[in-house]
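Heads up: the structure comes next, in structure tokens.
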Amino acid sequence: MPADAGHCLVVNKSISSVFVVVAAALTMVANAASAAPAAPPAAPSAMAPIAPPLAMIALWIYVTLLIAGGLVGLIKAGSKISLVTSALFAALLALCATGIIHPFWIADILVGLVAVVFIVRYLKSSKFMPSGLMLLFSVVVLAVLLADR
């Protein structure tokens with residue numbers, strides 16, 4: 001193990017911890033915003049969709065890629081933190097996609113945070129696989145989410 005490997009592990013765990021706290025804070029803000037009294041809901045058939053169909057498809061594909069990436073990180077590199085972080089963000093994005101966490105723009109913030117993680121990892125390693133590829137996926141999904149409103 002290289003001498004700076006322990007330092008990288010500490011930095012990665014610190015970054016992951018920050019994102020866990022940010023995700024929890026966003027969830028609390030969303031739940032507090034949704035707790036405000038609202039008009040009674042319309043009939044189920046007349047309710048507006050959570051998000052446009054293209055955004056939903058892109059989000060579910062991204063959730064699948066996050067989970068697959070975490071599993072690959074665990075299998076190939078033995079990175080448990082990769083699996084935990086990807087599963088956490090995939091779960092939060094799945095909750096956004098199902099409408100449990102709303103408003104839907106919270107998904108934009110979560111995808112943006114994941115993109116920042118992959119930017120940092122790409123700049124550290126300068127290797128396209130896996131961080132560059134996941135950064136590309138993150139940017140594309142974020143663009144779809146923002147454009148499909």
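The values are calculated or read from the model by the stated rules, or taken from the named source; none is laboratory data. Computed from a prediction, not measured in an experiment: that's the story for all the values here. Positions of Cβ are generated from backbone atoms using ideal geometry, with glycine treated the same way; all protein chains shown enter the neighbour counts.
Structure notes:
- Condition check for residue 111: in contact (Cβ under 8 Å) with a residue 40 or more places away in the chain and among the hydrophobic types (A, V, I, L, M, F, W, C): yes
- Here residue 50 meets each of (1) farther than 22 Å from residue 149 by Cβ; (2) of a type in the set (Val, Ile, Thr); (3) at pLDDT below 90 with one exception, condition (1).
- Hey, residue 71 modelled with pLDDT of 95 or more and either over 26 Å from residue 147 (Cβ atoms) or surrounded by fewer than 12 Cβ atoms within 10 Å (Cβ to Cβ) (or both) or not: yes
- Residue check: residue 103 meets all listed conditions (1) at pLDDT below 90; (2) within 13 Å of the chain's Cα centre (by Cα); (3) not charged (D, E, K, R) but one, namely (2).
- Subset of region 82-113 (residues that are outside any helix (DSSP H, G or I) and buried (at least 17 other Cβ atoms within 10 Å of the Cβ)): 101, 102, 104
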